[in-house]
Amino acid sequence: MGKCPYYNDYLQLDKILAAQELESSKSEKAHDEMLFIVIHQTYELWFKQILIEIDSVITILKKPILNDNSAELQTVVHRLQRTVAILRVLVNQMDVMETMTAMDFLDFRDQLNPASGFQSWQFKVLEAKLGLQYNYRHGQEYYVSQLEQPHINLIKEAEMESTILTLVNNWLERMPFFDMNTFWQSYHPLVENQDEHPFWMDYEYMYNLTDTENKHAAFFKTIFTTSNNAQNRQLSPKACRAALFIMLYRGYPMLELPFQLLDTLLEIDNQLGNWRYRHLNMVRRTIGSKIGTGGSTGAGYLKEALDKHYIFNELSQLTSFLVSRKKLPLLPEELTAKLGYNF
């Protein structure tokens, strides 16, 4: 029987605890620099774990067939929910960072230049793997300008690979519940139209009756109708229809897991937004309108990124088209039987 690992050796604590080298120790030691280093090292360790979770989810979603109530989809939801839990830790960690005052930071800030959180290549890889495309990034001209080439290569590779957003789009497009020959034989439409699925013709008609905003009616067609779909959208009309259907009828057992997946993606965006917001406020408090050490515009960059870098915003837009449960069209029996596990 082999020797059991010693706690210190298993975690390689000698390496980890010796990995904080203060720049200020070369002159007059700044007390808060150790806190600054430990917090940012902790961020990077959590980014590493999130990337492990995201990579595993991508591997599962890449499969050509994924049962919507399988152990695999449960694994996807579980690991994405773990990602949300980690992101909440990152947000709450700002409480510790904010104990460092502006004067405390000034004790060592000049010695950090050009090192900056803006150079976190892991975070940029994470954004890319989730689905933030280059053309949607704020500050495209300098977002990798301060990075070394090996790290730039990793980000570019992530941007070229399948992302969570594109794979979720593909998964939604595979939803089988709109097959007219299988699930809608007994459906009696309110609106007769040979060009569109009867459910969506009825839903659009009912939605227009319950919402008097003309701009939303036009937006409905843009999102859900193939012929009117905007070219710069990342979710197809077919995927949007499936996602909205899941949101509307999530009470059916067959749609519980799919809804949890969509809801968890929205919560990832929410927590990333919270983290950016807390970061923005901290930067405003500690350096005001100064340029960031990494060459960004500091608070200005963070404000624009906060407004622009929502990855799953096309999913969140679908909530504009929800209606009360009591107004939902009744589904045909052959479909409700499938959605309720009665088969």
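Across the stretch 32-339, the mean sequence separation of Cα contacts (distance under 8 Å, 6 or more residues apart), normalised by length, yields a relative contact order of 27 percent. Per residue of the chain, the DSSP helices (runs of n ≥ 4 H) give a summed -39500 (n - 2.57) that works out to -17500 deg cm²/dmol at 222 nm. Counting Lys +1, Arg +1, Asp -1, Glu -1, what net charge surrounds E204 among other residues with beta carbon under 9 Å of its beta carbon? Local charge sum for E204: -1. Within the shell defined by Cβ-Cβ distances under 13 Å, the residues around Y310 carry a net charge of -3, with Lys and Arg each +1 and Asp and Glu each -1.
Coupling constants for the stretch 31-42 follow from the phi torsions by the Karplus curve (6.51 cos²θ - 1.76 cosθ + 1.60, θ = phi - 60°), and in residue order they are 4, 7, 5, 4, 4, 4, 5, 4, 4, 6, 5, 5 Hz; glycine and proline get x.
Note on the stretch 7-79: lysine pairs with Cα distance below 24 Å, sequence gap of 8 or more or different chains, count 5.
Considering only W275, W121, H188, and ranking their Cα positions along the charge dipole of the chain that arises from unit charges at the beta-carbon of Lys, Arg, Asp and Glu, the one farthest toward the positive end is H188. For the stretch 32-339, the dipole from Cβ point charges (+1 on Lys and Arg, -1 on Asp and Glu) about the Cα centre works out to 180 debye, to the nearest 20.
Whole-Hz Karplus values for the stretch 198-207 come out as x, 4, 6, 5, 5, 5, 4, 4, 5, 4 Hz, taken residue by residue from phi with 6.51 cos²θ - 1.76 cosθ + 1.60 and θ = phi - 60°; glycine and proline positions read x. Radius of gyration over Kirkwood radius for the chain, both on Cα atoms: the Rg/Rh ratio is 1.05. Cross-link partners for K221 among the aspartates and glutamates, with Cα-Cα distance under 12 Å and sequence neighbours closer than 8 places in the same chain left out: E196, E204.
Only the coordinates and a few stated rules stand behind these numbers; no lab work does. Given the structure is predicted, the values throughout are model-derived calculations rather than measurements. Reconstructed Cβ throughout: ideal geometry from the backbone, glycine too, with neighbour counts over all protein chains shown.
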